[in-house]
1. Taking the conditions exactly as written (touching a residue at least 24 places away in the same chain (Cβ under 8 Å), assigned to a loop (DSSP other than H, G, I, E, B) and either charged (D, E, K, R) or surrounded by fewer than 17 Cβ atoms within 10 Å (Cβ to Cβ) (or both)), does Gly178 satisfy them or not?
2. For the condition open to solvent by 40 Å² or more (accessible area, probe 1.4 Å), at pLDDT below 95 and closer than 21 Å to Tyr167 by Cβ, what is the one hit in Gly59, Gly50?
3. Out of segment 117-127, which residues are within 17 Å of the chain's Cα centre (by Cα) and among the acidic types (Asp, Glu)?
4. Take the residues in segment 110-127 that are at negative phi and outside any strand (DSSP E or B); name whichever of them is surrounded by the fewest Cβ atoms within 10 Å (Cβ to Cβ).
5. Would segment 317-331 turn up any residue that is over 27 Å from Ala93 (Cβ atoms), in contact with a helix residue (DSSP H, G or I) (Cβ under 6 Å, 6 or more places away or on another chain) and not acidic (Asp, Glu)?
6. So in segment 184-202, with the set limited to residues that are polar (S, T, N, Q) and assigned to a loop (DSSP other than H, G, I, E, B), which one is modelled with the lowest pLDDT?
7. Counting just the residues of segment 128-148 that are within 13 Å of the ligand (Cβ to nearest atom) and open to solvent by 20 Å² or more (accessible area, probe 1.4 Å), which one comes out nearest to the chain's Cα centre (by Cα)?
8. Can you pull out every residue in segment 156-175 that is of a type in the set (Gly, Ala, Ser) and crowded, with 24+ Cβ neighbours inside 10 Å?
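The values are calculated or read from the model by the stated rules, or taken from the named source; none is laboratory data. Everything numeric in this text was worked out from a predicted model, so none of it was measured. Cβ coordinates were reconstructed from backbone atoms using ideal geometry, including for glycine residues, and neighbour counts include every protein chain displayed. Heads up: the accessible areas ignore ligands, DNA and RNA and are worked out on the full protein's heavy atoms, side chains in. Shrake-Rupley method; radii C 1.70, N 1.55, O 1.52, S 1.80 Å.
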Amino acid sequence: MLNTPSLTTIEKFILEQESKFPEATGELSNLLYDIALAAKIIAAAIRRAGLVDILGGLGARNVQGEEQQKLDVFANETIKNCLKHTGRVCAMASEEDEDIIPIPPEYPAGKYAVLYDPLDGSSNIDVNAAVGTIFSVYRRVSMEGRGTVADVLQPGCKQVAAGYAMYGSSTMLVYTTGQGVHGFTLDPTIGEFLLSHPRIVTPRVGIYYSVNESNFGRWSKGIQTAVRGLKGERPDRLKPKNSRYAGSLVADFHRNLIAGGIFLYPADTKNPQGKLRLLYEASPMAFLAEQAGGSATDGVNRILDIVPRSLHQRTPLVIGSREDVGFVADTLREVAERQSGPIPTPAL
Ligand code: FDP
């Protein structure tokens, strides 16, 4: 007779977590399954992408002015379709849509607002490199009915859950509900996410730094000094790090989360506010980083404290192993002080 292995599926794990909170209604758990289902559907499409010739630009541009690709559209629609009818969500916002996504009138509205980047790192699709989906969940602040912009414009510290799916050599789902960070790997033979990385703790000091160094000449003096330090110019403060940059936030963040490291996308003269989006990228990753023992800053402010003013707001991002992020923040302050006098120390 075959032995049934004792596997922890994502469903079992979420239920076990939920049972620790007697007041929980199960709605957030169900919302996480809905997102896991969307991730499986997107993963399946990505696996087939090269075969069924659905790669390539549609010719349309998204609200950020970037060329939109067919899989971006597919992923965006998939998430909407997995969430809109459930009665668990009052509004959604997607990096691919200019305005908030209302719940259609025929469906009930629920108590959560969901924000997502359906296919992050999408310029990697054509070269078969890892991409991901990032999500962020808030409890609604409006009292009833359809959700409003206020429900999605909340600072990251108000998130009740966040995570990402990474479509790499295997598909992973990594999430937090504020009780640590847990990672699941999709077993394609049974179509289930299985617990593979319980309670991820990121090293305090990392071995990697990840940044698009072709922007070096466009950075501030502070960022240039900090990156030189990461490379080994400050052996008194920091062991030199190895460079790794996939150009896909989910892949770069995931590597650094597991192995230890720091990811930077600073402001530069071309992107004076930074390139990454606060709500769809920086805030959910910052929640994960902090829950795993790391930290995230825009260089001055803790990412999770930033109050968003608009849906597609961008932010500089420095995220990863706590001591490495601290090194960059200290260096930025030291350089700024040399240029203009003492600056108060921000809390990270
Ligand atoms: P992409 O433009 O391919 O969608 O915010 C999007 C993002 O990728 C991140 O995933 C990635 O970290 C970054 O931009 C890469 O930007 P550069 O190409 O400028 O390095």
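1. yes
2. Just one listed residue meets the conditions, Gly50.
3. Residues satisfying the conditions are Asp117, Asp120.
4. Looking at the filtered set, the residue picked out is Val127.
5. Yes - at least one qualifying residue is present in segment 317-331.
6. Thr189
7. Filtering segment 128-148 for residues that are within 13 Å of the ligand (Cβ to nearest atom) and open to solvent by 20 Å² or more (accessible area, probe 1.4 Å), the one nearest to the chain's Cα centre (by Cα) comes out as Ala130.
8. Gly156, Ala162, Gly163, Ala165
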